[in-house]
Ligand code: NIG
Ligand code: FE
């Protein structure tokens, strides 16, 4: 089955296969073809170019994109969409003056979500999570990473990861699973963090590995959560099971997580709301992608990741949602792209590069996703009729998506 998209006002992010990420000044360039066509066969892009170079007769189906822009679907490389219930009450508590840290120290926060998840059946957790997945797909997300970390017991972590595996089996977009046992220290281990670390390393990791449930390993490296020493232990243990790191660092404090991440050749270091000059130097010449999560900054009222400092130093940057019940109850990549422009002073070109090609790097799907490239999967966004691609972040809060295609199928 072949489908041809014709009269595309502008086809964005047309790249040769060798480009797997863009850094520094390259991020200002978004290669594109005006008045274009795109030909797909089954689930794959097989040709594209200028309209005058094609003949329509060849395809089984024709999609007229007059006035519309086509781009690769968003890649969301950092989410926690498998969770139970919500934390709406903590949202109200914060409005009334409590801080995120205060709520956590009173036993709310991650521990609140863990309790809810432990008391939710695997079936119910799957049902709640699939709704969120379907919602983000409608919003243009065509590849997603999902973390565990709201279980905090062997049983509940495995339950979360099995739900992620079921989502992988049931849906056509690529899903990567990250084991985040070290997300918070559970109540039972309040005065015995090392005991919990031992449980992660000696019980959870072997069980996760036995069932092949994770692609990556993560830890919340932050004051009051897990130290650099803990991070080294977890990443070392993950390495033994072949799990590469994708870690939470520098959300509130700089404690050295970036250096540790790079030392372990992490695929990505995520959050970076605070970042030092030394961190920037360490990231240069590394293979680690820095990832910013602006919706989290928006929701918590914490600083935005200094994108200009990072990009102007010549580094790449990716954008993701962080969709989770506590710090970011939103999986809307369109809002992320807009907020990156408005609050982090990224240009539309930079933000779109960060949410597609660089995001694909941050979850290792560049072989198949993140750009309009022959042989890659036909995971696409077709916009409504809009004046130009800059209109997407400009018209924040407006849904400018006409349709989304996953593996060549309109969803
Ligand atoms: O990435 N920072 C750590 N973990 C999540 C939020 C966890 C929560 O509040 O439930 C994050 O923001
Ligand atoms: Fe997160």
- Query: Counting only residues that are without any contact (Cβ under 8 Å) to a residue 40 or more places away in the chain and within 15 Å of ligand 2 (Cβ to nearest atom), which one in region 307-337 is surrounded by the most Cβ atoms within 10 Å (Cβ to Cβ)?
  - Reply: 328
- Considering residues that are over 19 Å from residue 30 (Cβ atoms) and touching a helix residue (DSSP H, G or I) at 6+ places or on another chain (Cβ under 6 Å), the number found within region 299-332 is 10
- What's the number of the condition residue 7 fails, among (1) modelled with pLDDT under 95; (2) on the phi > 0 side of the Ramachandran plot? (1)
- Yes/no for residue 351 being away from ligand 2 (no atom under 16 Å from the Cβ) and either surrounded by fewer than 23 Cβ atoms within 10 Å (Cβ to Cβ) or assigned by TED's automatic domain parsing to the domain that holds residue 133 (or both): yes
- Query: So which strands (runs of 3 or more DSSP E) are wholly in region 56-138 and hold at least 3 residues that are modelled with pLDDT of 95 or more?
  - Reply: 68-72, 74-76
- Task: Please go through region 95-133 and pick out each residue that is in contact (Cβ under 8 Å) with a residue 60 or more places away in the chain and more than 16 Å from ligand 2 (Cβ to nearest atom).
- Result: 105, 107
- Any chance residue 159 is part of a loop (DSSP other than H, G, I, E, B), away from ligand 1 (no atom under 16 Å from the Cβ) and at pLDDT 95 or above: no
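Per-residue answers, yes or no, for (1) crowded, with 17+ Cβ neighbours inside 10 Å; (2) within 16 Å of ligand 1 (Cβ to nearest atom):
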{"position": "90", "(1), (2)": "yes, yes"}
{"position": "98", "(1), (2)": "no, yes"}
{"position": "101", "(1), (2)": "no, yes"}
{"position": "104", "(1), (2)": "yes, yes"}
{"position": "108", "(1), (2)": "yes, yes"}
{"position": "120", "(1), (2)": "yes, yes"}
{"position": "130", "(1), (2)": "yes, no"}
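Condition check ((1) assigned by TED's automatic domain parsing to the domain that holds residue 17; (2) within 22 Å of residue 171 (Cα to Cα); (3) touching a strand residue (DSSP E or B) at 6+ places or on another chain (Cβ under 8 Å)) across all residues:
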site	(1), (2), (3)
319	no, no, yes
324	no, yes, no
335	no, no, no
342	no, no, no
373	yes, no, yes
386	yes, no, yes
390	yes, no, no
402	yes, yes, yes
- Any idea how many residues of region 336-357 are assigned to a loop (DSSP other than H, G, I, E, B), on the phi < 0 side of the Ramachandran plot and in contact with a helix residue (DSSP H, G or I) (Cβ under 8 Å, 6 or more places away or on another chain)? 2
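For residues that are in a strand (DSSP E or B) and without any contact (Cβ under 8 Å) to a residue 60 or more places away in the chain, tally how many sit in region 395-411. Steps first, answer last, please.
Of all residues in region 395-411, those in a strand (DSSP E or B) come to 401-406, 409-410.
Next cut, without any contact (Cβ under 8 Å) to a residue 60 or more places away in the chain only: 403, 410.
Looking only at that region, the number is 2.
The values are calculated or read from the model by the stated rules, or taken from the named source; none is laboratory data. Everything numeric in this text was worked out from a predicted model, so none of it was measured. All Cβ positions, glycine included, derive from the backbone under ideal geometry; neighbour counts span all protein chains shown.
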